[in-house]
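Nothing in this text is a laboratory measurement; each read-out follows from the coordinates by a stated rule. Being a predicted model, the structure only gives us computed values, none of them experimental. Heads up, the Cβs are rebuilt from the backbone with ideal geometry, glycines too, and the neighbour counts pull from every protein chain shown.
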Amino acid sequence: MALTINHNLMAMNAARNLNNHYNSLSVSTRRLSSGLRIGTAADDAAGLAIRELMRADIDSLAQGVRNANDAISMIQTADGALSIIDEKLIRMKELATQASTGTYTSAQRMMIDSEYQAMASEITRIANATDFNGIYLLNGNLSSETHDGSGLNSTGQLKVHFGTGNDSAEDYYYVNIGSSTASAFGLGLGAAVGRSGRSISTQEMAQDALEAINDAIVSKDKVRANLGAMQNRLENTITNLEVQAENLQAAESRISDVDVSTEMTQFVREQILTQSAVAMLSQANSLPQMALQLIGG
C-alpha cells in the first residue's frame with residue numbers, strides 16, 4: 001500500500017471497524033442494562049410482534065383472574081344473604097307447625113300469623129336489598145335465561161368474562177340467580193291469592209303452609225347449590241388461568257429476555273475489539289506523518 005497524505009485508507013478502515021464494534025457494544029450495554037433481548041423493532045421485528053401479543057394476553061389473563069375473584073365475592077354475598085333467608089324460612093315453618101295444633105285460640109293464632117308475615121316481609125326485604133357493586137342479586141333481575149349486554153346496563157343473567165377473547169364459552173360463564181323474595185317462594189301476603197303459604201291464621205291454612213314452606217326451602221337450596229357449584233367452577237377457572245398466565249409468561253421470557261451469560265460474553269468481546277480499534281485508529285492517524293519525514297529529508 002502506497003504512503004499517501006490525502007487518503008489514509010488504514011485510518012478509514014480502523015474507523016469503520018471502530019464504529020461497528022462501538023454500535024455492537026452499545027446494543028449489548030442496552031440489553032444488559034434493561035434485561036431485554038428485544039428493545040426495539042430492529043432487534044427482532046417478528047419477535048417483537050409475538051412478544052407484544054403475549055404481553056397483552058398475560059395482562060388480560062391477570063384481569064380475568066380478578067374478574068373471576070370478583071364473581072366469587074358476588075356469589076358469596078348472595079349465599080350469605082340466602083343463609084339468613086334460610087333462618088327465616090325455618091322460623092316460618094316452626095310458626096306454621098305451632099299454628100297447626102288445635103290448642104290455640106283464633107286470637108293467638110292471629111298473633112302467630114303476625115310474626116309469620118313479618119318473617120315473610122323480612123325475606124323480601126333481604127332479597128330486594130342484597131346487592132354487589134350496585135347489582136341486585138336476589139330480586140329476580142338475574143333470573144332470566146338470556147343475557148343482553150348491548151345497553152348501558154346489561155339485562156338478564158350475569159356474564160362473568162375472564163378469557164382473552166370472546167369467541168366461545170371458554171371465555172365466560174353466566175351466573176343465573178332465581179328470585180328469592182317471599183312472593184317468589186309463594187309465602188306471605190305478597191304471594192298469589194290461593195297459595196297455601198299466604199297465611200297461617202287458621203289451623204287448616206297453617207297445616208297447608210307446611211308443605212309450601214318445604215317447597216320454598218327446597219327452592220332456596222337449589223339456588224344456593226347452583227351458586228356453590230359456580231363458585232367451585234370459578235375457583236378451578238382461576239387456577240387454570242394462573243397456570244396459563246405462568247406458562248405464557250415463560251414463553252414471553254424466552255423470546256424477550258436477554259441471556260445474560262451469552263450477552264456478557266458478547267459485551268466483553270465488543271469491548272476488547274472497540275479498545276483495539278481505538279488503538280489502531282490512533283496508530284493509523286499517525287502514519288501520514290511518516291511522509292513529512294520523507295519530505296523533510
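Okay, helix-only estimate at 222 nm for the chain: each DSSP H run of n ≥ 4 adds -39500 (n - 2.57), divide by all residues, round to 500 deg cm²/dmol; what do you get? Provide the component values of the computation, followed by the final result.
Numbers: 7 runs with 199 residues, N = 297.
The helix contribution divided over the chain gives -24000 deg cm²/dmol.
Report, by chain and number, residues whose modeled amide H sits under 5 Å from the one on PHE132, excluding near sequence neighbours (fewer than 5 apart, same chain).
Counting only residues 5 or more places away or on other chains, the set is LEU137.
Please compute the net charge surrounding GLN231, taking Lys and Arg as +1 and Asp and Glu as -1 over other residues with Cβ under 13 Å from its Cβ. Don't skip to the end; give the middle numbers.
Working: positive: ARG224, ARG233; negative: ASP70, ASP79, GLU235.
Net local charge, GLN231 excluded: -1.
Using each residue's phi in the stretch 241-249, evaluate 6.51 cos²θ - 1.76 cosθ + 1.60 at θ = phi - 60° and report the 3J(HN,Hα) Karplus result to the nearest Hz, with x for Gly and Pro.
Values, residue by residue: 5, 5, 5, 4, 5, 5, 5, 5, 5 Hz.
Could you quote the convex hull projected area for the stretch 135-194, Cα atoms only and averaged over all directions, in nm²? Walk me through the numbers before you get to the answer.
Values: hull surface 21.3 nm².
Directional mean of the projected Cα hull area for the stretch 135-194 stands at 5.3 nm².
Normalized C-alpha radius of gyration of the stretch 1-135, against 2.2 N^0.38 Å? Intermediate results must be reported in sequence, preceding the final value.
Working: Rg = 39.3 Å, N = 135, 2.2 N^0.38 = 14.2 Å.
Against the compact-globule rule of thumb, the ratio is 2.77.
Would you give the gap between the C-alpha center of the stretch 227-294 and the C-alpha center of the stretch 33-101, rounded to a whole Å?
The distance from the Cα centre of the stretch 227-294 to that of the stretch 33-101 comes to 36 Å.
Just want the ordering: GLU87, GLU94, GLU270, from fewest to most Cβ atoms lying within 10 Å of their own Cβ. Mind dumping the intermediate values first?
Values: GLU87 12, GLU94 15, GLU270 20.
Starting with the residue having the fewest Cβ neighbours, the order is GLU87, GLU94, GLU270.
Taking amide H positions as placed 1.01 Å from N in the peptide plane, with prolines and chain starts having none, which residues 5 or more places from SER196, or on another chain, fall under 5 Å of its amide H?
The list, which skips near neighbours in sequence, is empty: none.
Scaled to the compact-protein estimate 2.2 N^0.38 Å, what is the alpha-carbon radius of gyration of the chain, rounded to two decimal places? Working shown, then result.
Details: Rg = 38.8 Å, N = 297, 2.2 N^0.38 = 19.1 Å.
Relative to the rule-of-thumb radius for its length, the chain sits at 2.03.
For the stretch 146-297, what are the per-bin percents of Cα-Cα distances with bins 5 Å wide, up to the bin holding the maximum?
Percent of pairs per bin, in order: 2, 7, 8, 8, 7, 7, 7, 6, 6, 5, 4, 4, 4, 3, 3, 3, 3, 3, 2, 2, 2, 1, 1, 1, 1, 1, 0, 0.
Which ³J(HN,Hα) values, rounded to whole Hz and listed in residue order, are derived for the stretch 275-284 from phi using the Karplus coefficients 6.51, -1.76 and 1.60 in 6.51 cos²θ - 1.76 cosθ + 1.60 with θ = phi - 60°, glycine and proline given as x?
4, 5, 5, 4, 5, 5, 5, 4, 5, 5
Give the distance, in whole Å, between the Cα centre of the stretch 132-177 and the Cα centre of the stretch 191-225.
Cα centres, the stretch 132-177 to the stretch 191-225: 30 Å.
If you rank LEU9, LEU234 by fewest surrounding Cβ atoms within 10 Å, what's the result? Intermediate values should be presented prior to the final figure.
Working: LEU9 12, LEU234 22.
Fewest to most other Cβ atoms nearby, the residues stand as LEU9, LEU234.
Short version: ³J(HN,Hα) in whole Hz for each residue of the stretch 261-273, in order, from phi by Karplus 6.51 cos²θ - 1.76 cosθ + 1.60 (θ = phi - 60°), x for Gly and Pro, what are they?
The phi angles translate into 5, 5, 5, 5, 4, 5, 4, 4, 4, 5, 5, 5, 5 Hz.
Taking one equal scatterer on every alpha-carbon of the stretch 104-171, how large is log10 of I(q)/I(0) by Debye at q = 0.16, 0.21, 0.29 1/Å?
The Debye formula, applied to the Cα set alone, gives -0.71, -0.95, -1.21.
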